[in-house]
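These notes are about the structure you will find just below.
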Amino acid sequence: MWNRLKAILADFIQQADLVLLGLCCAATLYGMALIASATRYLNIGGIVRYVGVQGAAMVLGICAYIFMSMLDLERLMRRWKWLVAFNVVFIALLLTPFGVSDNTGNTAWLKFPFLPFSIGPAEVVKITFTLLLAKQLEWLREVKRDLKSFPSALMVAGHTIALMGWYVGISGDMGNGLTFFFIFLCMAFVAGFALRWFVLLFAGSGAAIAASVALGLMPDYMINRFRVLFDHSYDTLGAGWQQTRGLLALGSGGLFGQGYMQGTQTQAGEGSLPARHTDFIFCVCGEELGMIGCLVVIALLAAIIIRVLLVARRAETPFHCYVCVGVAAMLIFQTVVNIGMCLFVMPVIGLTLPFFSYGGSSLLTLYAAMGVVSGIKKRSPVVRRPGRPLG
């Protein structure tokens with residue numbers, strides 16, 4: 001047993017993407033330092049609890065990274081029907097007593113009595129959805145040889161819209177619902193779908209949103225989240241409260257910040273900076289470590305995304321390429337929206353900053369997704385450089 005484990009680890013070290021793993025670990029450790037500062041006002045017990053959970057999730061995440069690196073995706077996708085069933089059933093668990101609501105009223109978490117943390121079904125389903133969509137795109141390209149027709153576009157878009165509708169209808173969580181949509185857009189674009197279908201999709205989506213507003217179908221709180229973007233003085237104690245406080249903290253840091261664990265808003269009591277260890281962790285960084293600290297955050301996330309896209313470029317099959325593009329799209333969307341929320345240019349839709357925000361299940365699934373990318377790199381052909389032997 002021990003020899004078997006040693007052989008697996010040796011194979012992992014030789015072939016897995018250790019650079020990607022190193023970048024993920026660096027981002028997580030940086031995030032844990034920010035979480036420690038963001039929860040300091042709760043006393044030492046609060047710091048230990050939040051940082052401890054994040055640290056445990058990181059350890060489990062590295063294990064998930066190793067496991068997913070070893071996973072044969074082609075073999076897994078032969079049972080694609082089971083993955084479809086898993087997506088449907090896992091999201092449906094939110095309707096059971098295990099489904100719990102967050103402070104926004106969305107039922108987007110599962111709390112099992114035998115687990116010390118909650119699980120966000122969307123975090124797990126993002127991975128399985130990406131795998132299924134990639135397989136569907138590869139089938140249309142390699143078997144049907146049809147990526148331009150309306151039926152093909154409808155098939156892929158229908159898959160995405162059905163999952164989005166199922167998830168958002170049950171949970172009310174529009175943020176992760178839009179993440180599914182962005183993953184679909186990037187993967188379909190890279191696969192080579194005709195641009196006319198994207199134009200039609202955006203036109204139809206715009207018309208649907210305008211109609212829902214005109215008919216009063218869109219909730220007032222959702223409309224107000226967009227309204228405050230154009231008028232920062234509107235409802236500063238309601239819809240604009242989080243972003244007003246976040247922007248105040250972020251802007252007060254200047255170039256080098258007020259000092260680690262010295263931020264005025266970050267270290268103040270409850271209510272001074274809402275969701276400081278989750279949605280607005282970037283504001284904590286800006287206040288205490290300044291623009292320099294924020295640029296390091298962006299640089300780490302950009303390096304991870306670029307690394308994933310490099311693996312996509314060298315992937316052995318279209319399926320592997322699409323999977324990597326989907327993972328990169330997930331990271332890009334969450335990063336842009338979360339930082340945009342903190343800068344008061346994007347609506348608050350509850351998306352955390354990958355690897356930096358507090359969240360055990362989110363961090364664990366991020367490492368699992370990165371492990372999938374590492375496994376794809378492991379199976380990709382080696383790119384030879386002229387005049388240099390392989391080795």
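Laboratory data are not the source of any read-out in this text; all were calculated from the coordinates shown. For clarity, every value in this text was computed on a predicted model and none was experimentally measured. Positions of Cβ are generated from backbone atoms using ideal geometry, with glycine treated the same way; all protein chains shown enter the neighbour counts.
Please compute the net charge surrounding Asn224, taking Lys and Arg as +1 and Asp and Glu as -1 over other residues with Cβ under 14 Å from its Cβ. It works out to a net charge of -1.
Counting other C-beta atoms within 10 Å, which of Glu74, Glu270 has the fewest, and how do the rest follow?
Details: Glu74 12, Glu270 8.
In increasing order of surrounding Cβ atoms, one gets Glu270, Glu74.
Students often forget the sequence filter, so: which aspartates and glutamates lie under 19 Å Cα-Cα from Lys81 once same-chain residues fewer than 8 apart are removed? Those aspartates and glutamates meeting the cut-off are Asp72, Glu138. A Förster distance of 45 Å, applied to the separation of the beta-carbon atoms of Lys148 and Leu60, puts the FRET efficiency at 0.55.
Loop-located trypsin sites (Lys or Arg not before Pro) in segment 59-100 (DSSP state other than H, G, I, E, B) with a sparse environment of at most 12 neighbouring Cβ atoms within 10 Å: Arg78, Arg79.
Which of rounded, prolate or oblate describes segment 287-346 when judged by the alpha-carbon gyration tensor and an a/c cut-off of 1.5? Oblate is the answer for segment 287-346, as a/c is 1.5 or above yet b/c matches or exceeds a/b. About its Cα centre, the dipole of the chain is roughly 1500 debye, where the only charges are +1 on Lys and Arg Cβ and -1 on Asp and Glu Cβ.
Mind sorting Ile223, Ile183 by how few other Cβ atoms lie within 10 Å of their own Cβ, fewest first? Could the numbers behind the result be given before it?
Numbers: Ile223 14, Ile183 24.
In order of increasing Cβ crowding within 10 Å: Ile223, Ile183.
In the structure displayed, which of Lys148/Lys377; Lys148/Lys378; Lys111/Lys377; Lys6/Lys377; Lys6/Lys111; Lys111/Lys135 lie more than 27 Å apart, Cα to Cα? Violating the 27 Å limit, Cα to Cα: Lys148/Lys377; Lys148/Lys378; Lys111/Lys377; Lys6/Lys111; Lys111/Lys135.
Mean-square fluctuations from a GNM of the chain, with a 10 angstrom spring cutoff on Cα atoms, peak among Leu115, Leu237, Leu71 at Leu115. Ranking Ala157, Leu364, Leu76 by how far each Cα lies toward the positive end of the dipole of the chain (charges on Cβ) leaves Leu76 at the top. Count Lys and Arg as plus one, Asp and Glu as minus one, and take only other residues whose Cβ is under 10 Å from that of Gly350; the net charge is then -3.
Counted as membrane-span-like here are DSSP H helices of the chain whose alpha-carbon atoms extend 27 Å or more along the helix's own axis and whose Kyte-Doolittle mean is 1.0 or above; these are 18-38, 44-70, 150-171, 195-214, 281-313, 318-342.
Put in order of Cβ neighbour count within 10 Å, fewest first, the listed residues Lys135, Lys148, Lys126 become Lys148, Lys135, Lys126.
For the modelled label position 7 Å from the Cα of Asn224 along Cα-to-Cβ, which residues of segment 231-250 have backbone nitrogen atoms closer than 19 Å? Backbone N within reach: 231-247. Computed from point charges on the beta carbon alone (+1 for Lys and Arg, -1 for Asp and Glu), the dipole magnitude for segment 152-301 about its Cα centre is near 360 Debye. Considering only Cys186, Gly293, Val51, and ranking their Cα positions along the charge dipole of segment 14-379 that arises from unit charges at the beta-carbon of Lys, Arg, Asp and Glu, the one farthest toward the positive end is Cys186. Across the options Gly271, Trp166, Gly105, the greatest Cα extent toward the positive end of the charge dipole of the chain (unit charges at beta carbon of Lys, Arg, Asp, Glu) belongs to Trp166.
To the nearest 0.05, how large is the calculated FRET efficiency for Val100 and Glu270 if R₀ is 22 Å and r is the Cβ-Cβ distance? Could you put the intermediate results ahead of the total?
Values: r = 21 Å, r/R0 = 0.96.
My answer for the efficiency is 0.55.
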